[in-house]
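Below is one structure; the comments refer to it alone.
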Amino acid sequence: MTPLQVGLQPPWLVVDLGAPLQVLSFAPHRPGLVTARQIVWREVRNADLPPGLDVGPWFADVLAERGLQDAVAMLTSRDIRRVTRASCTVADWTVEALATVGLGNAEAVGHRLPPRDPEAAGYGTINLALRIASTLPGHGLTVAAQIEALSLVAQARTAAVMAVGLDLPTGRATGTGTDCIAIAASPGREAHAGLHTALGEAIGHAVLQAVGRGARDWMEENRRPCAG
């Protein structure tokens, strides 16, 4: 399979999956388990989302204007030009990960901080997209395996964020309040994607690399010392 094709035209980042795939996400546009060929980022600022705006219909409209209404789409205040990507192949599985990483609205899980102005705080949100592929014909994931894969992505994202050592009044940052994950894969019979599997290893490695690089970039830009 050819590498993911990424189109960057700020404020848009469009990822072509190469074929319609089963996408599992909690994205603001087309969440849940859907079929899509594209995963999209839209960069926004406070001026794009004034108080009282119904974001869902607005986002659907701007996506339709660009012919992207069938994509799974996410919003971020992070500069999308700072996208990071990584891939990992283990056995017959290849996982490609793309991430935009901002920690301006970081939280320590189990606690909440007061709302912050993203422009003053250095922009937040970690948006992640993965494509999972196999070299074996017809080798895809069950819905249960894709759900397990999503849990592993979240685990790796959290590990990568904690590794940079952003300490908050409530504890060490584990993510942000508006993180989003989208995982694309072909449907199939593979029932497991946990830490003991080749697929789980590939997922974890790719996410650690993509999110870790993005988190370190954000820390450097915002003059925060990284742990270690």
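Residues that are under 25 Å from Val72 (Cα atoms) and not basic (Lys, Arg): which helices (runs of 4 or more DSSP H) entirely in the stretch 115-228 hold 2 or more of them?
Filter on the stretch 115-228 gives 143-164, 198-221.
Tell me which residues, restricted to the stretch 173-207, are open to solvent by 10 Å² or more (accessible area, probe 1.4 Å) and within 19 Å of Pro3 (Cβ to Cβ).
Ser186, His205 - these are the residues of the stretch 173-207 that are open to solvent by 10 Å² or more (accessible area, probe 1.4 Å) and within 19 Å of Pro3 (Cβ to Cβ).
Can you find a residue in the stretch 109-123 that is of a type in the set (A, V, I, L, M, F, W, C), touching a residue at least 12 places away in the same chain (Cβ under 8 Å) and buried (at least 18 other Cβ atoms within 10 Å of the Cβ)?
no
Looking at the stretch 1-58, which of its residues are among the aromatic types (Phe, Trp, Tyr) and either open to solvent by 40 Å² or more (accessible area, probe 1.4 Å) or under 23 Å from Leu150 (Cα atoms) (or both)?
Matches in the stretch 1-58: Phe26, Trp41, Trp58.
Assuming Pro28 fulfils every condition listed in (1) under 13 Å from the mean Cα position of the chain (by Cα); (2) under 21 Å from Gly188 (Cα atoms) apart from one, which condition is it?
(2)
Pick from the stretch 90-143 the residues that are touching a Cys at 6+ places or on another chain (Cβ under 9 Å) and of a type outside the set (A, V, I, L, M, F, W, C): which of them is farthest from Arg213 (Cα to Cα)?
Filtering first and then ranking leaves Thr94.
Which condition number in (1) touching a His at 6+ places or on another chain (Cβ under 8 Å); (2) surrounded by 19 or more Cβ atoms within 10 Å (Cβ to Cβ) is the one that Asp92 fails?
(2)
Considering the stretch 136-172 alone, what residues qualify as being surrounded by 15 or more Cβ atoms within 10 Å (Cβ to Cβ) and on the phi > 0 side of the Ramachandran plot?
Result: Gly165, single match.
Starting from the stretch 33-51, take each residue that is touching a residue at least 40 places away in the same chain (Cβ under 8 Å) and list its partners that are among the hydroxyl-bearing types (Ser, Thr, Tyr), counting only C-beta distances under 6 angstrom and pairs at least six apart or across chains.
What qualifies is Trp41/Thr76.
The values are calculated or read from the model by the stated rules, or taken from the named source; none is laboratory data. These numbers come from a predicted model, not from an experiment. Quick reminder, even Gly has a Cβ in these numbers, built from the backbone with ideal geometry, and neighbours come from all protein chains shown. Note: areas computed on protein heavy atoms with side chains; ligands, DNA, RNA excluded. Shrake-Rupley method; radii C 1.70, N 1.55, O 1.52, S 1.80 Å.
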